[in-house]
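Single-structure report; data block below.
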Amino acid sequence: LHTPAIDPSLRGRDMTADVQSTWFAAQTLSGKEALATSHLDRQGFETACPQLWRTVTHARKTRRVLRPIFPGYVFVNVDMRRMRWRAIDSTIGVARLVRFGDRPAALPTGMVENFIAQTSDDGGIEFEERLAVGDNIRVMSGAFEDWVGKIVSLPDSDRVKVLLGMMTRHVEVTLPKQQLVRA
């Protein structure tokens with residue numbers, strides 16, 4: 001394992017009392033979130049790339065895959081007093097660290113920690129949605145991805161009947177509960 005790149009001017013000082021690590025967003029090359037995360041981890045940075053399970057159909061085969069919630073970005077935890085944050089820009093898979101001016105733009109406190117806390121053992125984020133009849137919903141994956149509708153009934157614990165607007169009329173469709181979020 002590599003140790004984080006420590007600023008030479010701070011070597012020998014006890015930094016345990018005043019650690020100031022903050023989460024930042026790093027823009028990645030297209031589709032290279034996993035590559036960027038692995039290379040940042042090897043350099044000693046703590047990383048997070050929140051993902052959701054999506055249903056993908058290709059060549060008449062349907063499978064569930066993990067896809068980033070924020071495509072093109074990974075989150076990096078950096079101790080600004082001890083680590084060389086500029087090394088992130090030259091990491092394989094990373095385009096640049098998101099900045100305002102010359103300094104990296106910090107993410108709101110607790111945002112990334114909440115994503116990490118909601119990540120299940122299989123690597124996907126689990127949102128605890130309490131859906132009820134009459135709720136407006138958005139379909140997050142599958143054949144009706146990004147469609148908006150209204151819940152008609154809840155026939156069992158895993159399925160939901162939804163009314164979707166198609167063309168000039170509404171159609172009732174039964175969908176898995178994990179594909180839906182409240183709109």
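The values are calculated or read from the model by the stated rules, or taken from the named source; none is laboratory data. These numbers come from a predicted model, not from an experiment. Glycine also receives a Cβ, built like all others from the backbone with ideal geometry; neighbour counts cover every protein chain displayed. The accessibility values were calculated without ligands, DNA or RNA, using every heavy atom of the protein model including side chains. Shrake-Rupley method; radii C 1.70, N 1.55, O 1.52, S 1.80 Å.
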Just SER157, SER21, SER38 to compare: in a GNM of the chain, with alpha carbon springs under 10 Å, which one fluctuates most? SER157
For the ILE69, SER157 Cβ pair and Förster radius 30 Å, calculated FRET efficiency rounded to 0.05 is 0.75
Rounding to the nearest 20 debye, state how big the charge dipole of the chain is about its Cα centre with +1 on each Lys and Arg Cβ and -1 on each Asp and Glu Cβ. 580
Within a Cβ distance under 13 Å of THR57, other residues only, what is the Lys/Arg minus Asp/Glu net charge? +4
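Just want to confirm a number: the relative contact order over region 138-182, from Cα pairs under 8 angstrom separated by 6+ residues, in percent. All intermediate terms of the calculation are to be shown ahead of the outcome.
Working: 76 pairs, mean separation 16.2, N = 45.
Answer for region 138-182 is 36 percent.
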Reachable lysines, given that their alpha-carbon falls under 28 Å from the alpha-carbon of LYS61 and they are not under 8 places away in the same chain: LYS32, LYS161, LYS177
Within the chain, which is the longest segment that contains none of the trypsin sites (Lys or Arg not before Pro) sitting in a DSSP loop with at most 15 other Cβ atoms within 10 Å? 131-183
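Starting from the residue with the highest accessible area, list VAL173, VAL112 in decreasing order, probe 1.4 Å.
Details: VAL173 20, VAL112 0 Å².
Correct descending sequence by accessible area is VAL173, VAL112.
Mean residue ellipticity at 222 nm from the helices of the chain, using -39,500 (n - 2.57) per DSSP H segment of n ≥ 4 over the full residue count, to the nearest 500 deg cm²/dmol?
Working: 2 runs with 17 residues, N = 183.
Taking each H run of at least 4 residues, the total per residue is -2500 deg cm²/dmol.
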Give me a comma-separated list of calculated 3J(HN,Hα) values for region 23-37, in order, Karplus coefficients 6.51, -1.76, 1.60 applied at θ = phi - 60°, integers in Hz, x for any Gly or Pro. 8, 10, 9, 10, 7, 9, 5, 4, x, 10, 4, 5, 5, 4, 4
